[in-house]
Structure formats: structure tokens, C-alpha cells
Amino acid sequence: MEMKELSSILQQNGIVGAGGAGFPTYAKLDERAETIILNCAECEPLLRLHRQLLEKYAQEIVETFHMMGQAVGAKEVVIGIKKAYKKTIEALNEVIGDYPEVRLGLLNEVYPAGDEVVLIYEVTGKVVRPGGLPIESGVAVFNVETVYNVYRALNQETPVVDKLVSVVAEVENPVTVRVPIGTTIEEVVRLAGGVTTKDPVYFIGGPMMGFIGSGSQPVTKTTNAVLVLPEDHLIIQKKRRKSSIDLKRAAACCCQCTMCTDLCPRNRLGHPIEPHLFMRAATCKDLQEPNIFINTMFCSSCGLCEMYSCMQGLSPRSLMAEYKAGLRANGIKPPQGVVPKPVGEEREYRKVPMERLMARLDLTKYDREAPLDEFAVPVRKVKILLSQHIGAPASAVVKRGDKVARGHLIAEPAKGLSVGIHASIDGIVSDVNEKYIIIETQEGRAGNE
């Protein structure tokens, strides 16, 4: 298939990165990509979605990824996967023999192995420049579920209407389920057999880079997991701290031990991000070296500095994120042309083992199987956001009262970077505005009345 045709299919079927920021997949198809990488590093603790999906659909995903490589003219197709995922590797080894350009890029069980820049270095030896895009190094990275969605679009004519979500931690039966886009988090959690803590907090995403959500918010194309945690859990307490207090604590406690910088994954790849210098400059209001603040824009927000490295329990990541937002709000962009320093030998000894990270975060007790269950989940009402990805929101093409079927286009791609949005259930449009579309089944409408 030619790249132009494939790109159009992906855009019309609403395919975006099924995790992270949700970058529209069609925009990643680029003839400069000499290497394409399938990311099965399962970056965050407790998450199993990608390895489960790749094990079950190894043939379909590898075949589709091979086709995508042909479309862009890639010379090499790499599946980045951790050595610990033995069952998934076995499934892949039964398939990849038919595709000479496909190889496995085996990774250690460390965090954050799934960070795009880290993954590229581990499997190709290339360092993406600070602030740069992988394609500048001739590389494009794709999520496992994203490629499976490409397979469904091409072979089953199914747009993105549902999402795989892992529900783990304080639940009766941890599980990975497929639910319609727009399903509430509360309904998703119910599928795990109920909550096992008195004051549950729904943490959306992984424990390192996720956020505190609510039971009423809808599942989007990038919702990977829901961690149900007790209100007094370390992770929840850290997320709820105020930056003003964090700054005062840093002024009182930061001893400039440099551990946050020593273990920073981007710093280890030569990027000019030095959290310890930022903490000193920010707390002392020292503006003599402005690059210390500007270089925060190279931070990936992986969270290692504040969730693992700092012995004082300070929050470099959160404070840097606030500064980054302020810089962007004032029109400041990351510096261009910054050349990374050579990668030092010490990097190999400063990787953070996932087992130790989970112990530090008090998550080891939640490390249980969450089996993949793809049975259809009946949902009476969905709230589908028109902006679920980087770029411009889609434009609604339905109105209140319209009857729609699952897979029906309800919002067209806008000009610029955008993809289509589709109905995730059969029903009637009960509300539509510039932010979302609500669809209800007949049973849902009767219940409301």
C-alpha cells in the first residue's frame, strides 16, 4: 500500500497513539524513517496491556507493522520488548521468521525503558537531539495497540471506537478490558469486581506519569489504565501537594546531592537537563544562568527524580513542569541546535530496576495478573470528547436527535493535525457542543426519563 493511501485511511479511522499524548498516527508516516520501532516496553509499573495484546495477536500486529514499514520504505523494523516478557517473545518468534527485516530489540526490566528517546537509543544506538523529533534521526516509534488499531482499520474496516484499559491495584479482580470510547471510569472499575479500599482514588495512567481522575470522566483514545488507590497512598499524597509548599520544602531541604541529575534518563543520554541545578536556582531565585530554567523544556516528566531519586522526598519534576508551562505560555520554545554530550559508560550502572521502583512506590503488593478480557461491554451512555489527541479537535457532523450506529463518523478531522471521531455505541445523540458529543441507547434514555 502506498503511504498516501495508508495515511488517509488512518486519519479517517481516527487512529492516534494509544497512549501518551495521542499523536495522530498518519502524521508519523514519513519516508525519512529508515527504522520503525514497535514499543512493547510497557514503561510504567503494573501495566500489562501491550504485552498481552502482542502475545494474543502476534501474527496480525507483526504483519501490519511489516506493511507499515514497506509503505514508508523503512530498511529495518524493530520490536522493542523487555526480556522478561517471555510468553510474548515466544509468540513473536513463531511469526517474525517470515519477515527478514523484522527483529527483536530486547530490553532490560528498567524504568523508563518505554520512553521514546530511551527506547531509540537502546535498540538503535542513536541519540535523538534535545528537543528534537525521532524522525530527525530516521526513526519512527509506534504503540502496540496503535498498530493493532491499524490492523482493524485495514482488515475489519473498524475505526477506533473502543479502548483497552487495565484496572489494577485496590480491586477484587484486576483485569484488562475493552470498553467503548466515552465510557465512564466508574463503569470501567466496576468490571474489575469492585473496589477493596474505603476511600478509593482513581489514578488514570501509570503511577509515574498518570494523574488523579474522577469516576465520571470518560475513557479516551489514550486511556491505558486505572489504578484504584487508597486516599493515603504515597502516590496520591505526592500528586496532591501544592507547588508553593514544594518550593518552600526544596529551599529548606535540598542538599544538592545531585542524585536527581545522576539518575535522570535524559541527562544520561547527554541532554542538558540538570534537576539539581534547577532546584537551587528556583529556590534561591537565582537568574544569573537562565539556561537552567530554559533547559527544563527538555524534561520528559518521567518522574524518577521525585518518585525515586530524591532522598528528601522533594518534587523536581512537578516544579519543572510548572516552569515549563510558564515558559510556553510566554511564547518561549525549546532551544534549537543543542548538541547532546557523549553518552558515558556510567549510564549502564544508573538504570533504575522496575522491581526496586515498585518497592519504593509501595506497589509490589499490587503486582498481580490482570487477564485480557475482550468481551463486549454493554454501555448505555457515552461522552465522546472531540479533542483526544495532540492537534486540532475534530468538528462535529451530527446534531442532537440524530440516530447513529457504532462506527458512524460523528466528527470530521479539522484542518491541520486532526483525525475523525466515531460513535462507539448504537444510539441517539442527546447532546453536542464544541467539546463533546453524548450518545445514549434507548435504555439509557428511558432510564434518564
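The values are calculated or read from the model by the stated rules, or taken from the named source; none is laboratory data. Model, not experiment: these values are computed from the prediction. Positions of Cβ are backbone-derived with ideal geometry, glycine not excepted, and every protein chain shown enters the neighbour counts. Heads up: the accessible areas ignore ligands, DNA and RNA and are worked out on the full protein's heavy atoms, side chains in. Shrake-Rupley method; radii C 1.70, N 1.55, O 1.52, S 1.80 Å.
Can you tell which of V144, V168, V188 is within 18 Å of G17 (Cβ to Cβ), at pLDDT 95 or above, surrounded by 20 or more Cβ atoms within 10 Å (Cβ to Cβ) and aliphatic (A, V, I, L, M)?
Among V144, V168, V188, only V144 is within 18 Å of G17 (Cβ to Cβ), at pLDDT 95 or above, surrounded by 20 or more Cβ atoms within 10 Å (Cβ to Cβ) and aliphatic (A, V, I, L, M).
Taking the stated definitions as given, is E274 at pLDDT 95 or above, charged (D, E, K, R) and farther than 30 Å from E374 by Cβ?
Here the answer is yes, as E274 does meet what is asked.
Somewhere in the range 334-347, is a residue in a helix (DSSP H, G or I) and either at positive phi or of a type in the set (A, V, I, L, M) (or both)?
No; the residues of the range 334-347 include none that is in a helix (DSSP H, G or I) and either at positive phi or of a type in the set (A, V, I, L, M) (or both).
For (1) among the charged types (D, E, K, R); (2) on the phi < 0 side of the Ramachandran plot; (3) under 18 Å from the mean Cα position of the chain (by Cα), each residue gets a yes or a no:
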| position | (1), (2), (3) |
| --- | --- |
| I9 | no, yes, no |
| Q12 | no, yes, no |
| A18 | no, yes, yes |
| G22 | no, no, yes |
| A33 | no, yes, no |
| A41 | no, yes, yes |
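Can you tell me how many residues in the range 47-71 are in contact with a strand residue (DSSP E or B) (Cβ under 7 Å, 6 or more places away or on another chain) and open to solvent by 10 Å² or more (accessible area, probe 1.4 Å)?
Selection size over the range 47-71: 7.
Determine whether T88 is more than 21 Å from the chain's Cα centre (by Cα), among the β-branched types (V, I, T) and within 30 Å of P180 (Cβ to Cβ).
no
Pick from L277, L287: which is without any contact (Cβ under 8 Å) to a residue 24 or more places away in the chain, more than 25 Å from E44 (Cβ to Cβ), in contact with a helix residue (DSSP H, G or I) (Cβ under 9 Å, 6 or more places away or on another chain) and crowded, with 17+ Cβ neighbours inside 10 Å?
Of L277, L287, the one residue that is without any contact (Cβ under 8 Å) to a residue 24 or more places away in the chain, more than 25 Å from E44 (Cβ to Cβ), in contact with a helix residue (DSSP H, G or I) (Cβ under 9 Å, 6 or more places away or on another chain) and crowded, with 17+ Cβ neighbours inside 10 Å is L277.
Is there any pair linking a residue in the range 183-203 that is touching a residue at least 60 places away in the same chain (Cβ under 8 Å) to one that is outside any strand (DSSP E or B) and open to solvent by less than 70 Å² (accessible area, probe 1.4 Å), with Cβ under 6 Å and at least six apart or on different chains, and which?
Sorted first by the residue in the range 183-203, then by its partner, the pairs are T183/V219; T183/V379.
Would you mind telling me which numbered condition in (1) under 23 Å from the mean Cα position of the chain (by Cα); (2) surrounded by fewer than 20 Cβ atoms within 10 Å (Cβ to Cβ); (3) among the polar types (S, T, N, Q) S424 fails?
Single failed check for S424: (2).
Checking the conditions here, which among V404, V379 is open to solvent by less than 40 Å² (accessible area, probe 1.4 Å) and touching a Ser or Thr at 6+ places or on another chain (Cβ under 6 Å)?
Within the list V404, V379, the selection yields V379.
Mind checking which residues of the range 311-330 are buried (at least 18 other Cβ atoms within 10 Å of the Cβ) and more than 24 Å from the chain's Cα centre (by Cα)?
Matches in the range 311-330: L314 only.
With Q312, Q288 as the choices, which residue is touching a Cys at 6+ places or on another chain (Cβ under 6 Å) and within 19 Å of A250 (Cβ to Cβ)?
Residue meeting the stated conditions: Q312.
Tell me which residues, restricted to the range 237-261, are more than 25 Å from the chain's Cα centre (by Cα) and charged (D, E, K, R).
Matches in the range 237-261: D246, K248, R249.
Does V189 qualify as being assigned to a helix (DSSP H, G or I) and either of a type in the set (V, I, T) or under 16 Å from K381 (Cα atoms) (or both)?
Yes: the conditions hold for V189.
Cβ-Cβ below 9 Å, separation at least six or inter-chain, first residue in the range 105-130 and aromatic (F, W, Y), second open to solvent by less than 30 Å² (accessible area, probe 1.4 Å) and in a strand (DSSP E or B): which pairs?
Y111/V352
How many residues does the range 204-221 contain that are over 13 Å from E44 (Cβ atoms) and assigned to a loop (DSSP other than H, G, I, E, B)?
8
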